[in-house]
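Data block below; observations after.
The values are calculated or read from the model by the stated rules, or taken from the named source; none is laboratory data. Keep in mind the model is a prediction, meaning the values are calculated, not measured. When we count neighbours, we look across all protein chains shown, and the Cβ atoms used for this are built from the backbone with ideal geometry, even at glycine. Side chains are part of the model used for accessible areas, which takes the heavy atoms of the whole protein and leaves out ligands, DNA and RNA. Shrake-Rupley method; radii C 1.70, N 1.55, O 1.52, S 1.80 Å.
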Amino acid sequence: MSDQITIGLIQAKNDLSGELSVEAHKESAIEKHIRLIKEAKNQGAQMVCLQEIFYGPYFCSEQNSKWYDAAEEIPHGPTTQRFQALAKELGVVIVLPIYEREGIATYYNTAAVIDADGSYLGKYRKQHIPHVGVGNEGYGFWEKYYFKPGNLGYPVFDTAYGKIGVYICYDRHFPEGARLLGLKGAEIVFNPSATVAGMSEYLWKLEQPAHAVANGYYVAAINRVGVEAPWNMGEFYGQSYLVDPRGSFVSMGSRDKEEVIIGVMDRKLIREVRDTWQFYRDRRPETYQEMTALLP
């Protein structure tokens, strides 16, 4: 396996108004992202990650049961299976963030991980679920209306091109899971997001580089772009990036353009950083017990 792996991050805008049907959104966004994944492949990408709930708008801006129809089973739903075929065709690893339904009506914010031969490796379910308003119009990140907290822990997936972990959007504010992904061997952690300027932009280039440094791995952060009607609750500010274990930005997208961001992950740098900063050797888990206690 080569020490250098090319990473493709896809940031896109939503083309349709949220007032249109779930089916219309899915059809439009899936076709667009297939084209963008092929563009990433043409630029050398071996691993590709899409943005949070890629196949439609960030519908959590409102609380509307219409959007439950966007959820699919994983891996047996049509979107996962379609992208399995694409991964096999192109020989790329795909991190595919979609709205998951389990059973009759249990819902999660999930990312399926598909290997370069098209095989389904497993899924990560978002652990930390926000529920917070934005502005004075009644819109916000109303995710507890749509998602249960994840219950599959913090898995690391051994793909054809390396060991990857997944964190989803709001998860990035919590260092505990980021550390667990490192302890389990992640070389890169993908964080597909949907986040607007008024809430989080001041943190966007702070938290995830800090995770990369503290844990000695690469972080790939993906955000969508544009303002989504009819909610118009804020600008999704893009700036998707790949950051290395020193906290240096390898590549970064624009604030407002739909594009493929390409960067290279270098395992030699991971080894060099971990040999220098022995955080895993020097950690003291026996002293951290209070972190898992239900303190008053």
Mean separation of Cα pairs under 8 Å and 6+ residues apart, divided by the residue count of the chain: what relative contact order is that in percent? 19 percent
Which length gain, in nm to one decimal place, applies between SER21 and LEU121 when the Cα-Cα distance is subtracted from 0.36 nm times their residue separation? 32.9 nm
Just need the Rg to Rh number for segment 52-114, please, alpha carbons only, Kirkwood Rh. 1.00
Rounded to the nearest 5, the percent of DSSP beta bridges in the chain running antiparallel is 70 percent
Rel. contact order, % - alpha carbon contacts under 8 angstrom, at least six apart, segment 1-105: 33 percent
Can you say what percent of the DSSP beta bridges in segment 144-296, counting only those with both residues inside, are antiparallel? Round to 5. 60 percent
MRE, 222 nm, helices only [DSSP H, n ≥ 4, -39500 (n - 2.57), over the chain, to nearest 500]: -7500 deg cm²/dmol
Checked against a 32 Å limit on the C-alpha separation, the offending pairs among LYS41/LYS148; LYS148/LYS184; LYS26/LYS184; LYS13/LYS268; LYS38/LYS144; LYS88/LYS144 are LYS41/LYS148; LYS26/LYS184; LYS13/LYS268; LYS38/LYS144; LYS88/LYS144
Residues of segment 212-249 with amide N under 14 Å of the 7 Å Cα→Cβ point at ASP282: 214-216
With a 1.4 Å probe and all protein chains kept in place, how do HIS173, HIS131 rank by accessible area, largest first? HIS131, HIS173
Compute, for ARG82, the solvent-accessible surface of its heavy atoms (probe 1.4 Å) with the complete set of protein chains present, and express it in square angstrom to the nearest 10. 110 Å²
Among the DSSP beta bridges whose two residues both lie in segment 26-140, what percent are antiparallel, rounded to the nearest 5? 80 percent
Given R₀ = 30 Å, FRET efficiency for SER28-ASN151 by Cβ-Cβ distance, to 0.05? 0.40
Would you please classify the overall shape of segment 142-218 from the alpha carbon gyration tensor, given that a ≥ b ≥ c denote the square roots of the eigenvalues, rounded means a/c under 1.5, and beyond that prolate means a/b larger than b/c while oblate covers the rest? oblate
